[in-house]
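Report on the structure given below.
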């Protein structure tokens with residue numbers, strides 16, 4: 001049995017977690033999901049840590065970042081924290097973050113859901129096929145939420 | 001009994017902590033509060049750590065950040081430190097920060113008090129209902145101190 | 001007996017440490033001071049750590065930061081390091097930093113000495129009165145080296 | 001026998017890892033390679049950690065960074081994480097990163113492959129000749145992927 | 001006997017390490033030097049850590065940083081890492097870094113060599129005279145590689 005921690009926020013404007021859970025359930029046999037919802041991105045890392053302590057093997061996190069410079073620093077602090085948790089536990093935390101300044105609001109929902117789905121597929125490959133599951137796609141310019149750009 | 005650490009600063013121009021404590025007392029049965037006041041945001045993380053060592057189960061911190069680039073780097077250093085404390089202890093630190101450049105001074109007090117109240121409610125839900133207490137609000141665009149923006 | 005570590009630099013253009021030591025001696029009964037002078041701000045954190053290992057209960061550090069973007073990144077690295085030391089030891093490091101771009105050179109000396117004095121007073125309150133010694137001033141807009149701005 | 005961990009991404013637009021592995025195989029006798037492919041740069045550090053736990057002696061990582069400010073913060077988070085892994089294990093992680101804004105797309109492939117090759121040579125020297133293997137080149141303005149600029 | 005770790009890069013355009021070693025040999029009786037040359041600044045911290053594990057008492061590092069924003073983030077990652085190593089070991093790492101944007105190329109060599117020499121003298125004072133060896137110069141506006149600016 002594989003346990004995946006799912007951490008998302010009430011700040012986000014799209015329910016990405018539910019989308020990702022659907023994909024994971026389809027792709028990962030015997031999946032156990034533990035979900036934790038927090039207010040915002042600076043509350044995510046500790047929730048992952050708590051679910052790792054309860055035995056989860058990997059995590060997906062779903063952040064939403066405003067457009068100001070302050071928001072970007074909060075994103076940086078969260079990102080460093082998720083690196084620390086990964087290094088402390090030796091477990092993947094696939095971070096799905098949407099930045100409000102990457103597209104018009106009307107487009108953001110589609111990006112968010114697409115990114116959640118595609119990263120859930122990425123994690124499913126790693127969990128079921130191991131370190132070289134994604135190697136056939138190495139250097140091929142995959143994007144999540146946007147069209148792939150392909151290799152040069 | 002639940003112990004919540006409350007750390008605030010003399011630099012701040014609004015007493016957010018008292019506002020948050022009022023909400024917490026109403027919402028969390030058997031609450032014990034430990035308050036620690038420090039000069040500025042770079043003194044907050046160690047105070048949280050000391051109160052965690054005394055047995056507090058979670059913390060709320062109340063920062064106030066000036067408008068310069070230097071102030072923003074101090075905010076970043078504080079934010080990284082609060083991530084570390086959360087990861088080290090596996091306990092939430094709900095950070096309520098007001099940035100002087102997010103609104104006119106006259107509006108800042110209202111933002112500060114609203115943010116303190118709403119984040120106190122967030123923490124109360126997590127403490128009393130657990131990891132999925134906030135899940136009904138996941139992806140719904142909640143904001144603290146500003147009007148909610150809603151889901152896309 | 002209380003031991004306070006004092007770490008300052010030869011890069012600084014004002015001897016802030018001596019000013020702070022004078023205040024601390026007046027305000028903290030049975031004070032023991034250990035001073036360590038290093039070249040610049042990136043050498044401060046390890047000096048604090050060494051003095052904490054020798055038994056100091058808290059520290060004051062005195063940094064001076066040039067006006068370039070590179071100087072600001074060095075300030076950020078130092079600030080993160082001082083957070084780490086505080087979190088590792090559970091002891092306060094009251095950081096007194098002067099930034100060359102916060103005022104004209106002629107004004108900087110006054111700012112530096114005022115900030116050193118006022119932060120020494122802050123630390124004295126914490127050391128002699130504990131976590132709630134500063135609580136009467138919480139949210140009152142205290143500034144160090146500049147006039148207080150008061151509560152909103 | 002020497003084991004080198006190779007971590008690359010599906011986000012990258014060039015398969016740098018294969019290029020580097022070719023060089024390493026030629027230059028390092030008895031080389032064992034363990035490859036791990038992840039989605040993007042924020043997934044690299046934990047993969048290195050996992051391969052270090054399996055006994056690898058050093059690592060090469062291959063990142064690709066978009067042109068936005070957000071991409072640069074992700075690069076910073078990854079870079080800090082790779083520093084932490086190196087410090088935790090006392091093993092080199094030679095990081096080969098290509099930034100989309102360092103040249104026109106048509107030029108990026110050549111830069112990427114050249115950088116991978118030249119850093120593989122650097123790592124081979126360190127692994128086979130030790131800490132002073134590169135000392136004859138100290139201060140000589142070596143560049144990877146761009147022409148060397150030479151000493152001043 | 002005192003052991004000083006010397007870590008420099010092939011990226012640098014000036015051999016600062018040799019200059020610093022000359023000064024250290026003159027000023028520190030019974031000096032043992034261990035030199036480690038790495039490709040670039042992101043490889044420095046782990047080399048220091050390895051030499052500290054071999055028993056060195058302090059380190060000098062010699063970095064060279066390009067002019068782009070990306071270069072500056074790499075500088076920041078290196079700086080944070082050097083802080084971590086210092087804090088982990090309680091040993092000084094005197095970092096001598098030259099930034100390509102601080103002067104015209106023709107001037108950079110002189111700055112680099114001067115900075116290496118003057119910081120070697122700083123380290124020699126700390127190693128031979130202890131924490132207060134530099135105190136007579138505290139707050140006197142010392143600069144390395146540029147003329148001292150003096151106290152205010």
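The values are calculated or read from the model by the stated rules, or taken from the named source; none is laboratory data. It should be emphasised that the depicted structure is a prediction, and the values quoted were computed from it without experimental measurement. With ideal geometry, Cβ positions are generated from the backbone for all residues, glycine too; neighbour counts draw on all protein chains shown.
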query = Hey, any hits in segment B:35-42 for a residue that's away from chain C (no Cβ under 13 Å), closer than 15 Å to residue B:8 by Cα and under 15 Å from the mean Cα position of the chain (by Cα)?
reply = no
task = Tally the residues that are under 27 Å from residue E:108 (Cβ atoms) and touching a helix residue (DSSP H, G or I) at 6+ places or on another chain (Cβ under 8 Å), restricting the search to segment D:126-141.
result = 5
ask   = Would you say residue D:141 is at pLDDT 95 or above, surrounded by fewer than 19 Cβ atoms within 10 Å (Cβ to Cβ) and under 18 Å from the mean Cα position of the chain (by Cα)?
value = no
message = Under 6 Å between Cβ atoms, which residue pairs at least 6 apart in sequence (or on different chains) link something in segment B:20-32 that is over 18 Å from residue B:111 (Cβ atoms) with a partner that is loosely packed, with under 14 Cβ neighbours inside 10 Å?
response = B:30/B:1; B:32/B:1
ask   = Can you spot a residue in segment A:44-59 that is under 21 Å from residue A:98 (Cβ atoms), in contact with a strand residue (DSSP E or B) (Cβ under 9 Å, 6 or more places away or on another chain) and more than 10 Å from chain B (Cβ to nearest Cβ)?
value = yes
inquiry  = Return the residues of segment A:43-59 that are over 12 Å from the mean Cα position of the chain (by Cα) and under 16 Å from residue B:138 (Cβ atoms); say none if nothing qualifies.
reply    = A:43, A:47, A:51
Near pairs, Cβ below 6 angstrom, 6+ apart or cross-chain, from segment C:129-148 (under 14 Å from residue B:8 (Cα atoms)) to any residue that is part of a helix (DSSP H, G or I) and at pLDDT 95 or above = C:133/C:125; C:133/C:126; C:134/C:125
message = When you check residue E:12 against the structure, is it in a loop (DSSP other than H, G, I, E, B), out of contact with any helix residue (DSSP H, G or I) (no Cβ under 6 Å at 6 or more places or on another chain) and closer than 17 Å to residue E:94 by Cβ, yes or no?
response = yes
ask   = If residue D:147 satisfies every condition in (1) part of a strand (DSSP E or B); (2) over 30 Å from residue A:84 (Cβ atoms) but one, which is the exception?
value = (1)
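In segment A:121-133, how many are closer than 26 Å to residue D:85 by Cα, assigned to a helix (DSSP H, G or I) and more than 7 Å from every other protein chain (Cβ to nearest Cβ)?
Summing the residues that are closer than 26 Å to residue D:85 by Cα, assigned to a helix (DSSP H, G or I) and more than 7 Å from every other protein chain (Cβ to nearest Cβ) in segment A:121-133 gives 7.
On the basis of being in contact with a strand residue (DSSP E or B) (Cβ under 9 Å, 6 or more places away or on another chain), crowded, with 22+ Cβ neighbours inside 10 Å and either at pLDDT below 95 or part of a loop (DSSP other than H, G, I, E, B) (or both), does residue E:7 make the cut?
On the way: in contact with a strand residue (DSSP E or B) (Cβ under 9 Å, 6 or more places away or on another chain): yes; crowded, with 22+ Cβ neighbours inside 10 Å: yes; either at pLDDT below 95 or part of a loop (DSSP other than H, G, I, E, B) (or both): no.
So residue E:7 fails the test.
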Hits in segment D:100-116 (condition: touching a residue at least 60 places away in the same chain (Cβ under 8 Å) and away from chain A (no Cβ under 11 Å)) = D:115
task = May I ask you to list the residues in segment A:72-81 that are in contact (Cβ under 8 Å) with a residue 24 or more places away in the chain and more than 7 Å from chain D (Cβ to nearest Cβ)?
result = A:74, A:77, A:78, A:81
